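Novice: What follows is a single structure, and I will ask about it in a moment.
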Amino acid sequence: MRKKTQMIHGGISRDEHTGAVSIPVHHASTFKQDGVGNFVYEYARTGNPTRHALEELIKDLEGGYRGFAFGSGMAAISSVMHLFSTGDHVIFTDDVYGGSYRLVTKVLTKYNVGVTFVDTSGLAAVEEAIQENTKAIYVETPTNPLLKITDLAGISKLAKSKNLLMIVDNTFSTPYWQNPIDLGADIVLHSATKYIGGHSDVVAGLVVVNSEQLAADMHFVQNSIGAVLGPQDSWLLIRGVRTLAIRMEEIEENAKRIAEFLVSHPQVSNVYYPGFKDHKGHDIHLRQAQGFGGMISFDAGSGEKAEKVLKKVKYFTLAESLGAVESLISLPAKMTHASIPRDRRLKLGITDGLIRISVGLEDAEDLIEDLQSAL
Ligand SMILES: Cc1ncc(COP(=O)(O)O)c(C=O)c1O
């Protein structure tokens, strides 16, 4: 089954009992047993039919062994981190999403799980960071907000040679453009709040693992911590996936045109967009993904100038988040990445004037005119 068909027919695409082509939303929190221990579903935290349909769908889309749905991207990431124990060490891409940075530096460290942040676009630096107690390499590619590219096959080779788990946050690329498990990843996760939901109306996280053992471990964590996704939100995500392919294709076209406009604008410097031939890692991204996505970052010169642009735009909505039908604009330094200390932010290249846009489905001409007049 090809990708576009999989979005419609993957997972459990219809209700066996009624033939309904839309999976029913099962609100039941518990299920009747035909004798003690004789059941299909037991209790909705452990398993729910609507959530299960979504989990089967994301498993198919990522080409993994089993999928899991959580109440947010952070709930998904936290649950994955519960696979580790006191004394373990994990290597992270240096410019991970600010919330992931906060989780690992402020929460994981309380449990004595050691973390090292590395520019994973350089394999030698990753290898150097491996310690005796390292258990995993956690990668974001392209990164948020600088769109840095990591060589997934290269990391996988390294991880396998050292017996480490490889975890990939695939939020920016979506399973339509990039499938890290095919390139050797053990665990793929998403903030499904973004492109997979796609309409700014659901907060959710998804995880796909590639083995029976990881599936058992992950299900134990999901059931024990209980940060599960509700049935209504699971249904919304299934519906979102139905149009994911077509949304990503259209967003791609819009993003290319907007990136080209930005690069030619005199008030703008450092346009970060993986589709540019001179973007660092462009060739690697081309090898491992089928599209460049809808995220673009650019420098407006200063925090003051950037804030003026953010105030003036009328079609770009000033808001956190990304991956929606409507175009969004944000200032990472004061919004998504505010939890990263300023000196660390600047070192990474997340300047005070860096603007991040998430290109939506409006007419590209309107979006370009909007940015032109705001700039
Ligand atoms: C790349 C990435 N991963 C994870 C998250 C966290 O997801 P959520 O906001 O759904 O908890 C985000 C949120 O912006 C993100 O951009």
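The values are calculated or read from the model by the stated rules, or taken from the named source; none is laboratory data. All values derive from a computational prediction rather than experimental measurement. Here the Cβ is made from the backbone with ideal geometry for all residues, glycine too, and neighbour counts use every protein chain on show. Quick note on the areas: whole protein, heavy atoms, side chains included, nothing else; ligands and nucleic acids left out. Shrake-Rupley method; radii C 1.70, N 1.55, O 1.52, S 1.80 Å.
Novice: Of all residues in region 331-351, how many are of a type outside the set (A, V, I, L, M), open to solvent by less than 50 Å² (accessible area, probe 1.4 Å) and over 15 Å from residue 296 (Cα atoms)?
Specialist: 3
Novice: Let me ask something additional. For region 192-228, what are the residues that are open to solvent by 50 Å² or more (accessible area, probe 1.4 Å) and within 16 Å of the ligand (Cβ to nearest atom)?
Specialist: Once the filter is applied, which keeps residues that are open to solvent by 50 Å² or more (accessible area, probe 1.4 Å) and within 16 Å of the ligand (Cβ to nearest atom), region 192-228 yields 199, 200, 201, 203, 225.
Novice: Would you mind finding the one in 297, 321 that is hydroxyl-bearing (Ser, Thr, Tyr) and modelled with pLDDT of 95 or more?
Specialist: After ruling out the rest, the residue left standing is 297.
Novice: Restricting to region 43-58, name every residue that is in a loop (DSSP other than H, G, I, E, B) and either surrounded by fewer than 13 Cβ atoms within 10 Å (Cβ to Cβ) or in contact (Cβ under 8 Å) with a residue 60 or more places away in the chain (or both).
Specialist: Answer for region 43-58, where residues must be in a loop (DSSP other than H, G, I, E, B) and either surrounded by fewer than 13 Cβ atoms within 10 Å (Cβ to Cβ) or in contact (Cβ under 8 Å) with a residue 60 or more places away in the chain (or both): 44, 45, 46, 48.
Novice: Scan region 1-23 residue by residue and report those that are outside any loop (DSSP other than H, G, I, E, B) and either of a type outside the set (Val, Ile, Thr) or touching a residue at least 40 places away in the same chain (Cβ under 8 Å) (or both).
Specialist: Selection gives 3, 4, 6, 7, 8, 9.
Novice: Checking the structure you have, find out if any residue of region 182-191 is out of contact with any Ser or Thr (no Cβ under 9 Å at 6 or more places or on another chain), more than 16 Å from the ligand (Cβ to nearest atom) and assigned by TED's automatic domain parsing to the domain that holds residue 48.
Specialist: Among the residues of region 182-191, at least one is out of contact with any Ser or Thr (no Cβ under 9 Å at 6 or more places or on another chain), more than 16 Å from the ligand (Cβ to nearest atom) and assigned by TED's automatic domain parsing to the domain that holds residue 48, which makes the answer yes.
Novice: Is there a residue being within 16 Å of the ligand (Cβ to nearest atom), open to solvent by less than 10 Å² (accessible area, probe 1.4 Å), within 20 Å of residue 82 (Cβ to Cβ) and not in a strand (DSSP E or B) anywhere in region 130-149?
Specialist: No; the residues of region 130-149 include none that is within 16 Å of the ligand (Cβ to nearest atom), open to solvent by less than 10 Å² (accessible area, probe 1.4 Å), within 20 Å of residue 82 (Cβ to Cβ) and not in a strand (DSSP E or B).
Novice: Out of curiosity, is residue 357 in contact with a Lys or Arg (Cβ under 8 Å, 6 or more places away or on another chain) and either open to solvent by less than 30 Å² (accessible area, probe 1.4 Å) or not in a loop (DSSP other than H, G, I, E, B) (or both)?
Specialist: In short, no.
Novice: Collect the residues in region 304-325 that are within 16 Å of the ligand (Cβ to nearest atom) and open to solvent by 50 Å² or more (accessible area, probe 1.4 Å), keeping them in residue-number order.
Specialist: Those that are within 16 Å of the ligand (Cβ to nearest atom) and open to solvent by 50 Å² or more (accessible area, probe 1.4 Å): 317, 318, 320.
Novice: Turning to a different aspect of this structure: Looking at region 293-303 only, could you name the residues that are away from the ligand (no atom under 15 Å from the Cβ) and closer than 23 Å to residue 276 by Cβ?
Specialist: 298, 299, 300, 301 - these are the residues of region 293-303 that are away from the ligand (no atom under 15 Å from the Cβ) and closer than 23 Å to residue 276 by Cβ.
Novice: While we're looking at this one, here's another question. On the given criteria, is residue 170 in contact (Cβ under 8 Å) with a residue 40 or more places away in the chain and within 15 Å of the ligand (Cβ to nearest atom)?
Specialist: Answer is yes for this residue.
Novice: Working only within region 78-111, note down all residues that are open to solvent by less than 10 Å² (accessible area, probe 1.4 Å) and within 15 Å of the ligand (Cβ to nearest atom).
Specialist: Answer for region 78-111, where residues must be open to solvent by less than 10 Å² (accessible area, probe 1.4 Å) and within 15 Å of the ligand (Cβ to nearest atom): 79, 80, 81, 92, 93, 95, 96, 98, 99, 100, 104.
Novice: Are there any helices (runs of 4 or more DSSP H) wholly within region 230-342 with 3 or more residues that are farther than 30 Å from residue 1 by Cα, and if so which?
Specialist: Output list reads 244-263, 303-312.
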